[in-house]
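Scroll down for the structure; my scribbles are underneath it.
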Amino acid sequence: MILIDRVTKIYDKGTQRSLDGVTLHIKPGEFVILIGASGAGKSTLLKLLTREIFQTSGKIVIGGLDYDDIMSSEVPALRRRIGTVFQDFKLLPNRTVYENIAFALEISGASNKEIQAIVPRMIELVGLSGRRDQFPDQLSGGEQQRVAIARAMVRNPKILIADEPTGNLDSKNSAEVIALLEKINQHGTTVMLVTHDVNIVKALEKRVITLEHGKVTSDTMRKGAV
């Protein structure tokens, strides 16, 4: 699903390697946790995967698609295959739950019929069926993040990248969001979770990849979580 082969990223006019020869293979349907201190290279790796930036050297292949062969016109289609969720929910304040989720389909050219079929399913998936007509300021932080996850999943991506999705949430809402990510993973979506929350890492029996100074220093499967 995701092949990262000896990838290095050096930013222009600098000698500091944000990523330094990173090699990773993530299988279809895996749930992977990416950890590391600020400046370790996590954000750079995510930006490479979503084609916001380009690697200096090395190879990236996702779902059989070699990033070296992608034309600029093909990047939007690539990004539709990769859902993204962030610490900040990035919801449109003047749109309801339904409308926020539908917006992701509208901008990709979906028909009204498709929107009417897909959006209610996504609202049900994230457990917000009774909140579809509420605006973001009427929702809790956890509910807002669930809307953001529904929006990211609305085009049925093969991969979901969740970048610090619980950073603005309390422990209860954090647990609910992580449980939702696990549910999505169980339905077959590959999930890459970036987090600094040690409690989340300890609670999940998942593969944990550690980045330090642009290098992978640990790649282990966590067992016996409590």
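Tabulated data for the structure shown
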read-out	value
Residue in segment 66-79 that is hydrophobic (A, V, I, L, M, F, W, C), buried (at least 17 other Cβ atoms within 10 Å of the Cβ) and either out of contact with any Gly (no Cβ under 7 Å at 6 or more places or on another chain) or closer than 23 Å to residue 166 by Cβ (or both) present	no
Residues within segment 108-148 that are in contact with a helix residue (DSSP H, G or I) (Cβ under 7 Å, 6 or more places away or on another chain) and under 21 Å from residue 182 (Cα atoms), tallied	17
Failed criterion for residue 83 (all others in (1) within 29 Å of residue 136 (Cα to Cα); (2) in contact with a helix residue (DSSP H, G or I) (Cβ under 6 Å, 6 or more places away or on another chain); (3) part of a loop (DSSP other than H, G, I, E, B) hold)	(3)
Residue in segment 127-141 that is in contact with a Ser or Thr (Cβ under 7 Å, 6 or more places away or on another chain), touching a residue at least 40 places away in the same chain (Cβ under 8 Å) and not basic (Lys, Arg) present	yes
Search result, residues across segment 37-70 that are in a loop (DSSP other than H, G, I, E, B), under 17 Å from residue 86 (Cα atoms) and in contact with a Ser or Thr (Cβ under 6 Å, 6 or more places away or on another chain)	41
Pair list, Cβ under 8 Å, 6 or more apart: segment 14-38 residue closer than 25 Å to residue 181 by Cβ, other residue of a type in the set (Ser, Thr, Tyr) and assigned to a loop (DSSP other than H, G, I, E, B)	29/189; 33/195; 34/195; 35/195
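Every read-out reported here was derived from the displayed coordinates using simple, explicitly stated rules and does not represent laboratory data. From a predicted model like this one, the values you see are computed outputs, not experimental measurements. Using ideal geometry, Cβ is built from the backbone for each residue, glycine included, and neighbour counts are taken over all protein chains shown.
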